[in-house]
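**Q** Here you go, one structure.
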Amino acid sequence: MAFGSDRQMYDVDLTCAKCGAHISQLPFQPSGDRPVYCSDCNRAFRKDRPATDRGGRAGGFSQAPRQMYSVNLNCASCGQQISELPFQPTGDKPVYCRDCMQARRNG
Ligand SMILES: [Zn+2]
Ligand SMILES: [Zn+2]
C-alpha cells in the first residue's frame, strides 16, 4: 500500500499549460500531444472534478434514474418517435432513440 513516495519520475523540460510554471519532473512520460500541467494545477483539476463520476459503475448498477425531458422528436436514424430524452435537445444536433443511441455507442 505504500505508493506515492517512491514513484519513478521523468526528467522533462516543459511549461505548465495552465499557469506557465516550469516543470522539471513528471510522474509519467509526456506524450507530446497533450498539455502538461504542474503538480499544483493537476491537484486543482482533481478538486474541480465532481467525485460523483467515479464509483457509479461498481455493483452492476448501470441505469441510475435520471431526469427525463419531454420532447416531441423523431429519431434521426430510424424515424421512431421520441417522447423522452435524458438530456435537453439543443436543436442543432440529431437526436436518436434509445435503441439507435445504444447501437451507435456499441458500434
Ligand atoms: Zn500550473
Ligand atoms: Zn432510432
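The values are calculated or read from the model by the stated rules, or taken from the named source; none is laboratory data. As the structure is a prediction and not an experimental result, all values here were calculated from the model. Using ideal geometry, Cβ is built from the backbone for each residue, glycine included, and neighbour counts are taken over all protein chains shown.
**Q** Enumerate the pairs (first residue in the range 95-107 and within 18 Å of Met68 (Cβ to Cβ); second residue anywhere and more than 10 Å from ligand 2 (Cβ to nearest atom)) with beta-carbon separation below 7 Å, excluding pairs fewer than 6 apart on the same chain, so at least 6 apart or on different chains.
**A** Filtered contacts from the range 95-107: Val95/Leu73; Val95/Leu85; Val95/Pro89.
**Q** Taking the range 36-88, which residues are on the phi > 0 side of the Ramachandran plot, away from ligand 2 (no atom under 16 Å from the Cβ) and modelled with pLDDT of 80 or more? Write out each step before concluding.
**A** Narrowing the range 36-88 to residues on the phi > 0 side of the Ramachandran plot: 55, 59-60, 79.
Pick out the ones that are also away from ligand 2 (no atom under 16 Å from the Cβ) and you get 55, 59-60.
Those that are on the phi > 0 side of the Ramachandran plot, away from ligand 2 (no atom under 16 Å from the Cβ) and modelled with pLDDT of 80 or more: none in the range 36-88.
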